[in-house]
1. Restricting the search to the range B:90-117, which residues are within 13 Å of another protein chain (Cβ to nearest Cβ) and within 19 Å of B:Val178 (Cβ to Cβ)?
2. For the range B:230-239, check the following and say yes or no: at least one residue is open to solvent by 20 Å² or more (accessible area, probe 1.4 Å), of a type outside the set (A, V, I, L, M, F, W, C) and on the phi > 0 side of the Ramachandran plot.
3. Show the residue pairs that are 6+ apart or on different chains and have beta-carbon atoms under 8 Å apart, the first residue being within the range B:348-360 and modelled with pLDDT of 95 or more, the second being among the basic types (Lys, Arg).
4. Within the range A:184-204, work out how many residues are over 15 Å from A:Thr131 (Cα atoms), within 12 Å of chain B (Cβ to nearest Cβ) and either open to solvent by less than 20 Å² (accessible area, probe 1.4 Å) or not in a helix (DSSP H, G or I) (or both).
5. Pick out, from the range A:52-144, the strands (runs of 3 or more DSSP E) lying fully within it that include 1 or more residues that are crowded, with 21+ Cβ neighbours inside 10 Å.
6. Only one residue in B:Ala293, B:Ala312 is out of contact with any Gly (no Cβ under 6 Å at 6 or more places or on another chain) and in a strand (DSSP E or B). Which one?
7. Does B:Pro48 satisfy being within 23 Å of B:Phe292 (Cα to Cα), at pLDDT 95 or above and in contact with a Gly (Cβ under 6 Å, 6 or more places away or on another chain)?
8. Evaluate the range B:290-309: report whether one residue or more is over 23 Å from B:Leu330 (Cα atoms) and of a type in the set (Phe, Trp, Tyr).
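The values are calculated or read from the model by the stated rules, or taken from the named source; none is laboratory data. What you are looking at is a predicted structure, and each value in this text was computed from that prediction instead of being measured. Neighbour counts are summed over all protein chains in view; Cβ atoms, including those assigned to glycine, are modelled from backbone coordinates with ideal geometry. What goes into the accessible areas is simple: the full protein's heavy atoms, side chains included, and nothing from ligands, DNA or RNA. Shrake-Rupley method; radii C 1.70, N 1.55, O 1.52, S 1.80 Å.
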Amino acid sequence: MITHNVITVLIALLISISSAAQADDQLNQVDYPLISVPKGHYTLYIPDNNFFKLGYLEKKVSFDSIIHIGKFEVSNRLWNLCFKLNGCNRPVMMREGETLDSPVVRVNWHDAYGFSKWYSSYTNKSYRLPTEEEWVYAAYLGKDHRNIEIQYDYSDLNKIREISKKTMPLGSFKENALGFSDYQGNVWEWTLTCWYASEEKKLKEYSSAELNTPQACTTRIVQGENRSHIPDFIMDTYSGGCATLEPAANLGFRLVLEEN
Amino acid sequence: MKRNLHKICQYLTAMILLVGFSLTVQAQTDISKLPRITQELVNPPMLPKHDQVSTGQKVVQVRMVIEEKKMIIDDLGTEVWAFAYNGSVPGPMIVAHQGDYIELTLVNKSKNSMVHNIDFHASTGALGGGALTDIAPGEEVVLRFKATKSGVFVYHCAPGGIMIPWHVIHGMSGAITVLPKEGLSDGKGNKLTYDRAYYIGEQDYYIPKDENGNYKKYATPAAGMADELEVMKTLTPTHIVFNGKVGALTDKNALKAKVGETVLILHAQANRDTRPHLIGGHGDYVWERGSFANAPKVDLETWFIAGGSAGAALYTFKQPGIYAYVNHNLIEAVLKGATAHFDVEGKWNDDLMTQVVKPRPIQQ
């Protein structure tokens, strides 16, 4: 009887897996393209207050080596490979019209962190989430990125406005000179960087190793169309009007490859 | 639409800032010269020591430490992760006078797991201070605001989006009383005073159940969130209680008073409508919507506290005995927990009520 139940559950599970991973015949061909951001230094402007945007704290950042960062966010397809190989605890949840080539969304920080660990072991390389410093450098290439969201020309964003929350296939949004894509799309991306209110902690230098553990803190910076800080257990945000400024449309992530 | 809203938000922010800056220029009060008092906050239902009539404009300094801790909320041992201002649900009452400055040091304990803040309905600007008080565990912030309006006002945590209701239904609200400088009045030029004041914070909880119908327990606050959101969306609380848990203010915990004493009852509900009723008594003077600038309503049987507000009622006890003070949706009072008791000492007044004939068989 128990065996019978187990088999029934297994069959049900297999059916759900196969339907979730539908059209994933290319599953084993998924790769994760990286771009190389040259070493250098820049000023990271950290909003002193998300609501008032009264000013920015300036943090001098320098990179002694090339940053290898994902050209795109991690896709549904790649996430499903992780699930198929037992690295991730669930298949992707897609809305109608979304495809396996869209970024995986509705993931909390721990999901993203767990994926980076799995992908590292899968590839036998060392992947992790980017720090905010790395993400902003890759997106704006060291240029002044203050008030990006306010100065942004919304007339160019018809695509986002029309599709609302639904994700678009990778590469549907803007790409910068280095080929860093979709950084102002409708997916906001988890970083390793911890959120603090105090200037001292905002400006403190933390190594990626210090941050690359769930114990480092519980509220992480997300970057994308806007910057925000979100508790690490949140997978999805709800619209909230002015009380929250603009909530993140979707939460996803991309990876950085560490050179050993 | 969302974009437009965003733009509107930004314009509004800019306008608020402009207005804020011009006001700063006009501000005349030299706050550094005002006397400062440190108000020792106490656990509900008590109020901190205070004067009913102001002795002059002042800065009221308070310190609140936020604690995330498990609390038992009923006789079944049902647990909630309380996000507790100063360790209590509701958070402590602050008392000041109109025109005073409140200077709050808000501390987010290092062992907490979340960002918290505070939104004072009594304050003006910056989302009630919420936008200036976001702090991570291990941080503190000092906020000062001017109590421009008199009344009883709710404060609550509002850390953005989905976190707002979720924090509030974990007990993260309290209240502040801003008395008129000259004290309370009936709106016809007559002063009103009280011998005692009690503060009742009404709390709705949404505790998920397992497949056997037992309330679930969670190792961390975050672990319960997904389940709790589903219960929250039904808008049907599993518990509606006064001062954090079922029975916090009943029986041996009853609120004390004496015949002839005038009691001020402050009632706050940060999330949900309620309708206090003193069984066997009345509201002699009721500031139903909390504002002391409005003349109180008189002689009410039941009064209405809108969700997200606090109200005040003044009553002089005329008979001894146990009074139940309830949310007079009686299902909420009896089945969900929203009941308190007043235990009143004194001499019975036959004129007001008497049992003319003891119960007996029906007489033909």
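1. Passing the criteria: only B:Leu106.
2. Scanning the range B:230-239 turns up no residue that is open to solvent by 20 Å² or more (accessible area, probe 1.4 Å), of a type outside the set (A, V, I, L, M, F, W, C) and on the phi > 0 side of the Ramachandran plot.
3. B:Asn349/B:Lys318; B:Leu352/B:Lys318
4. Number of matching residues: 3.
5. Numbers: elements: A:56-63, A:67-70, A:126-128.
In the range A:52-144, A:67-70, A:126-128 are the strands (runs of 3 or more DSSP E) which contain 1 or more residues that are crowded, with 21+ Cβ neighbours inside 10 Å.
6. Just one listed residue meets the conditions, B:Ala312.
7. Considered against the rule, which asks whether it is within 23 Å of B:Phe292 (Cα to Cα), at pLDDT 95 or above and in contact with a Gly (Cβ under 6 Å, 6 or more places away or on another chain), B:Pro48 comes out as no.
8. Yes.
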